[in-house]
Amino acid sequence: MDYTYDDQNIFAKILRSEIPNDTVLETEYALAFNDIGPQAPVHVLVIPKGPYVSYDHFALAASDAEILGYTRAIGEVCRIVGVQDNGFRMISNAGQDGVQEVPHLHVHILGGRMMGRMVQKPA
Ligand code: AMP
């Protein structure tokens, strides 16, 4: 598996403050910000600060502290945006079949409405 990280991807630029973001939470290990094209009333992206392409890359190569810090940040974001009671959907797209657009690990936290079926077949 080739986990080569492209440091010119848009989330890497956000982490370097080269482009702005609408921050929800920043910690030592993670940054969370509102998605620029929201698909639900709540649509937050949570990214680790380290250079990981996808969740499987992160799970393989990140330190225990990074994994713990990222996971805790995801939970904190859910509480900040208030989806912990009614629920939410968490998605992490990876690679070509996962239709990942930005090659820096991110989870989408979607909520604030009924999210519908988990997966749709392509038209
Ligand atoms: P994915 O298909 O999982 O890689 O999703 C990438 C997400 O990043 C999409 O939902 C985009 O709307 C979002 N996105 C792209 N550029 C930005 C940006 N500059 N700020 C916030 N969200 C962005």
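The values are calculated or read from the model by the stated rules, or taken from the named source; none is laboratory data. Please read all numbers here as calculations on a predicted model, not as lab measurements. Reconstructed Cβ throughout: ideal geometry from the backbone, glycine too, with neighbour counts over all protein chains shown.
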Exercise. Going by the structure shown, is GLN100 polar (S, T, N, Q), in contact (Cβ under 8 Å) with a residue 12 or more places away in the chain, under 20 Å from ASN34 (Cβ atoms) and surrounded by 10 or more Cβ atoms within 10 Å (Cβ to Cβ)?
Worked result: yes
Exercise. Do we have GLY69 as on the phi < 0 side of the Ramachandran plot, touching a residue at least 12 places away in the same chain (Cβ under 8 Å) and either among the small types (Gly, Ala, Ser) or in contact with an Asp or Glu (Cβ under 9 Å, 6 or more places away or on another chain) (or both) here?
Worked result: yes
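Test of understanding: among ALA73, ALA65, which residue is more than 13 Å from the ligand (Cβ to nearest atom), part of a helix (DSSP H, G or I), loosely packed, with under 12 Cβ neighbours inside 10 Å and of a type outside the set (D, E, K, R)?
ALA65 is the lone residue from the list that is more than 13 Å from the ligand (Cβ to nearest atom), part of a helix (DSSP H, G or I), loosely packed, with under 12 Cβ neighbours inside 10 Å and of a type outside the set (D, E, K, R).
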Exercise. Out of all the residues in the stretch 1-57, which are under 18 Å from GLN100 (Cα atoms), in contact (Cβ under 8 Å) with a residue 24 or more places away in the chain and of a type in the set (S, T, N, Q)?
Worked result: THR4, ASN9, GLN39, SER54
Problem set entry | Enumeration of residues in the stretch 1-47 that are surrounded by fewer than 14 Cβ atoms within 10 Å (Cβ to Cβ), touching a helix residue (DSSP H, G or I) at 6+ places or on another chain (Cβ under 7 Å) and more than 21 Å from ALA61 (Cα to Cα) | ILE19
For this session: At least 3 residues that are over 16 Å from SER92 (Cβ atoms) in each: list the strands (runs of 3 or more DSSP E) lying fully within the stretch 1-57 that qualify.
Result: 23-26
Exercise. Does ARG113 meet the test of being in a helix (DSSP H, G or I) and exposed (fewer than 15 other Cβ atoms within 10 Å of the Cβ)?
Worked result: no
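Rundown of residues vs (1) out of contact with any strand residue (DSSP E or B) (no Cβ under 6 Å at 6 or more places or on another chain); (2) modelled with pLDDT of 95 or more; (3) polar (S, T, N, Q), yes/no style:
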residue: PRO48; (1), (2), (3): no, yes, no
residue: TYR55; (1), (2), (3): yes, yes, no
residue: SER63; (1), (2), (3): yes, yes, yes
residue: TYR70; (1), (2), (3): no, yes, no
residue: ILE74; (1), (2), (3): no, yes, no
residue: ASN86; (1), (2), (3): yes, yes, yes
For this session: May I ask you to list the residues in the stretch 76-97 that are in a loop (DSSP other than H, G, I, E, B), surrounded by fewer than 12 Cβ atoms within 10 Å (Cβ to Cβ) and away from the ligand (no atom under 16 Å from the Cβ)?
Result: ASP85, ASN86, GLY87
